[in-house]
1. Return the total of residues in the stretch 155-170 being surrounded by 15 or more Cβ atoms within 10 Å (Cβ to Cβ) and either within 20 Å of the chain's Cα centre (by Cα) or free of Cβ contacts under 8 Å to residues at least 12 places away in the same chain (or both).
2. Identify all residues within the stretch 99-128 that are open to solvent by 10 Å² or more (accessible area, probe 1.4 Å) and β-branched (V, I, T); write none if there are none.
3. When residues of the stretch 207-219 are filtered for being surrounded by 18 or more Cβ atoms within 10 Å (Cβ to Cβ) and among the acidic types (D, E), how many remain?
4. Report, by residue number, each residue of the stretch 82-98 that is open to solvent by 10 Å² or more (accessible area, probe 1.4 Å) and either over 17 Å from H212 (Cα atoms) or charged (D, E, K, R) (or both).
5. Among the listed residues L192, L179, identify the single one that is in a loop (DSSP other than H, G, I, E, B) and surrounded by 18 or more Cβ atoms within 10 Å (Cβ to Cβ).
6. Residue pairs, Cβ under 9 Å, 6 or more apart or interchain, first in the stretch 218-230 and over 12 Å from F14 (Cβ atoms), second of a type in the set (D, E) and modelled with pLDDT under 95. List them.
7. State all residues of the stretch 119-143 that are without any contact (Cβ under 8 Å) to a residue 24 or more places away in the chain, over 13 Å from I184 (Cα atoms) and under 18 Å from the mean Cα position of the chain (by Cα); if no residue qualifies, say none.
8. Please find, within the stretch 27-47, the residue that is surrounded by the fewest Cβ atoms within 10 Å (Cβ to Cβ) out of those that are among the hydrophobic types (A, V, I, L, M, F, W, C) and assigned to a strand (DSSP E or B).
Amino acid sequence: MEKVTKIIKKIEEFAPLDTMQKWDNSGWQINLGNETTEKILLTLDVTRSVIDEAVKKRCDMIISHHPVFFHPIKIIDSPIVINAVKNNIQIYSAHTNLDIAQGGVNEYLAEKCGFTELDTAFEFIRYKQLEKEYNFSKLVAKLKTVFGLPSIRVVNSKRKTYGSIAFCSGSGAEFIGDLEKIGIDVFITGDLKHHQALNADKMTIIDLGHFHSERFVVEIFQNILKDEDVEVIAAIDKPAWELL
């Protein structure tokens, strides 16, 4: 059993709340005033199935990457919220503050892809200018293995080699123009839309999808809380859609 305030302090020391984006809602989502926690469920998204899993596994707290609330609410009628409150489950989220933190989601994505010692651009972007050109096909093959994907969406896929690479977990298409200006060869992100792909010039863009580019966030939470006197378990997260 651990004090909830200590758990939150560890997360906010790693990813301070004052670094989140203005539109974001990181922090407490459901705070029932419970001072201690025995078992925490870690997840990317808070869904009905995640709440059901928390109830089944007797978790009294959920820590997620994506917040439950993004907009002001006028009525509490969400089954997710109602079920959490009925079962005395508190929910806390660390979103954009965790994305940009040192060792946070963007850096962790790069590390999973095999790249460390990164530079920062436009706050969210982590990138690396490489000392030599690397084989692009080998990069694609590695990404398929690391993320467990049978195929990957790629824009400007005929590239043979690359000498620079950038990362933005979740949805980073808004940075495409800026990254092309600074000469990035390959950009790994998610949520690429049709016209954003059409407008890409010479830069190669790899779209892992929002889920797969952030699915390892649970490992970050586990590392943050590894020394705390509380049981932490990973939720059974899965994408919102399936390939048939």
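The values are calculated or read from the model by the stated rules, or taken from the named source; none is laboratory data. The model shown is predicted, which means the values in this text are computed figures rather than measured ones. All Cβ positions, even for glycine, are placed from backbone atoms using ideal geometry, and neighbour counts span all protein chains on display. Heavy atoms of the whole protein, side chains included, go into the accessibility calculation; ligands, DNA and RNA do not. Shrake-Rupley method; radii C 1.70, N 1.55, O 1.52, S 1.80 Å.
1. Total satisfying the criteria: 6.
2. I100, T116, T120, listed by residue number.
3. 2
4. Across the stretch 82-98, the qualifying residues are I82, N83, V85, K86, N87, N88.
5. Exactly one of L192, L179 is in a loop (DSSP other than H, G, I, E, B) and surrounded by 18 or more Cβ atoms within 10 Å (Cβ to Cβ), namely L192.
6. What qualifies is V218/D237; E228/E2; D229/E2; V230/E2.
7. E123
8. Filtering the stretch 27-47 for residues that are among the hydrophobic types (A, V, I, L, M, F, W, C) and assigned to a strand (DSSP E or B), the one surrounded by the fewest Cβ atoms within 10 Å (Cβ to Cβ) comes out as W28.
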